[in-house]
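Down below is the structure, laid out as structure tokens.
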Amino acid sequence: MRARTRAAAAAATLALGLAGAAAARPGERGLVVCYPNAPGSTELARPVMERLGAYLTWRAGYDVHPVYTNDADEARRWIDEGRPRFGILSLALYLRWREALDLRVVAQSERHHALTERYHLVVAQEAPWRSLDDLRAGRDGRKPIVWSSHLDDPRFVSRVVLAGKLEVTHDDTGHVRGVVTAQPLRALRRMKAGEPFEGQPVDAVLLEDAAWLELQKLQAFREGLRALHASAPLPTPVVVSIGEVAPDDAARLREALLSMHGDERGRELLGTLQVTGFSAAAREALDAAVAAYGGLR
């Protein structure tokens, strides 16, 4: 039982520092948590989200039923059919659905006491690429292939992470071809070894801060890899209201999240989830991400 609980907590932590608690689709009391292609599953995450849901229900004063999925299409179906009032979404999903679902930021999750993080485009140390311009030029008559768990939305990667300097598409119409993977670290190991992954070359892998910083602790990876590009500081995953939600209900959820560090039960839950807390939104960083996602062309 303890091993299973630890496995669930670890899966949730890698997904967002959060996870989902119920197997059923959420109704209007739901809190949809989605971080596409992250580890874990709804069922594995259930014990963690049951605890989070119980805590938020106690603190907010109304029922909150979180549900986790790492499948963006599934999350969208839950939202369209169940009409949950709140969500915790990756930055890419927030930008993609912001207007269509009338998403309004309630709070942000903190990672290492920060509300922003960078994304790193990583290549092998001996790779010929020295800049994004080199990737644009291609190699050996083919377009480079970039792997990432964030490539459900190439527009997010191209415009926000790469600041419009490199167009990533799922086909060969862009500067490079992007491949979605739920196992970016496996792709990275193959890249370091100069081997293909799932039958295709690995020219670069896009990683978040947390994964890149952990790799720096290992000499073999520190010496065998280098970051070709680091994004501007981008917002951490956001807590949002979905559609029309009473301002008082949104405020009560925000206060419940922001005050978690203030009592023993909340601190213990944050420690289990391995997040440092929740905070008011970093508006300047969010506005910059929204502008980049909607701009450039």
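The values are calculated or read from the model by the stated rules, or taken from the named source; none is laboratory data. This is a predicted model, so every value here is computed, not measured. Neighbour counts run over all protein chains shown; Cβ positions are idealised from the backbone, glycine included.
Modelled with pLDDT under 95, farther than 23 Å from residue 116 by Cα and part of a helix (DSSP H, G or I): does that describe residue 265?
Yes.
When you go through (1) under 19 Å from residue 292 (Cα atoms); (2) not assigned by TED's automatic domain parsing to the domain that holds residue 257 one by one for residue 197, which number turns out not to apply?
Looking at each condition in turn, residue 197 falls short on (1).
Enumerate the pairs (first residue in the stretch 28-41 and outside the structural domain of residue 56 (by TED's automatic domain parsing); second residue anywhere and among the basic types (Lys, Arg) and surrounded by fewer than 20 Cβ atoms within 10 Å (Cβ to Cβ)) with beta-carbon separation below 6 Å, excluding pairs fewer than 6 apart on the same chain, so at least 6 apart or on different chains.
Sorted first by the residue in the stretch 28-41, then by its partner, the list stays empty.
Do you know which of the residues in the stretch 70-84 that are in contact with a strand residue (DSSP E or B) (Cβ under 9 Å, 6 or more places away or on another chain) and without any contact (Cβ under 8 Å) to a residue 60 or more places away in the chain is farthest from residue 27 (Cα to Cα)?
Just the residues of the stretch 70-84 that are in contact with a strand residue (DSSP E or B) (Cβ under 9 Å, 6 or more places away or on another chain), to begin with: 70-72, 74-76, 78-79, 82-84.
Those still in the list that are without any contact (Cβ under 8 Å) to a residue 60 or more places away in the chain too: 71, 74-76, 78, 82.
Values: 71: 18, 74: 14, 75: 12, 76: 13, 78: 8, 82: 4 Å.
My answer is 71.
Suppose we keep only residues that are at pLDDT 90 or above and farther than 30 Å from residue 179 by Cβ within the stretch 1-45. Which one would you say is nearest to the chain's Cα centre (by Cα)?
Among those residues, the one meeting the criterion is 31.
Can you spot a residue in the stretch 145-160 that is farther than 15 Å from residue 119 by Cβ, without any contact (Cβ under 8 Å) to a residue 24 or more places away in the chain, outside the structural domain of residue 31 (by TED's automatic domain parsing) and not in a helix (DSSP H, G or I)?
The initial filter retains those residues of the stretch 145-160 that are farther than 15 Å from residue 119 by Cβ, namely 145.
Among the residues that remain, those that are also without any contact (Cβ under 8 Å) to a residue 24 or more places away in the chain are: none.
Within the stretch 145-160 (the criterion being farther than 15 Å from residue 119 by Cβ, without any contact (Cβ under 8 Å) to a residue 24 or more places away in the chain, outside the structural domain of residue 31 (by TED's automatic domain parsing) and not in a helix (DSSP H, G or I)), the answer is no, since none of the residues qualifies.
Say we look at the stretch 115-134 and pick out the residues that are of a type in the set (Gly, Ala, Ser) and surrounded by 15 or more Cβ atoms within 10 Å (Cβ to Cβ); which of these is farthest from residue 80 (Cα to Cα)?
Residues of the stretch 115-134 that are of a type in the set (Gly, Ala, Ser), as a first pass: 124, 127, 131.
Cutting the leftovers down to surrounded by 15 or more Cβ atoms within 10 Å (Cβ to Cβ) gives us 124, 127.
Working: 124: 42, 127: 45 Å.
That would be 127.
Can you name every residue in the stretch 61-100 that is of a type in the set (D, E, K, R) and under 21 Å from residue 153 (Cβ atoms)? Show your work before the answer.
Going through the stretch 61-100, the residues of a type in the set (D, E, K, R) turn out to be 63, 71, 73-74, 76-77, 80-81, 83, 85, 96, 98-99.
If the condition is that a residue be of a type in the set (D, E, K, R) and under 21 Å from residue 153 (Cβ atoms), then 71, 73, 74, 76, 77, 80, 96, 98, 99 are the ones that fit.
For the stretch 85-125, name all the residues that are without any contact (Cβ under 8 Å) to a residue 12 or more places away in the chain and more than 16 Å from residue 238 (Cα to Cα). Let's see the steps before the verdict.
Here is the first cut: in the stretch 85-125, the ones without any contact (Cβ under 8 Å) to a residue 12 or more places away in the chain are 99-100.
Residue satisfying the conditions is 100 alone.
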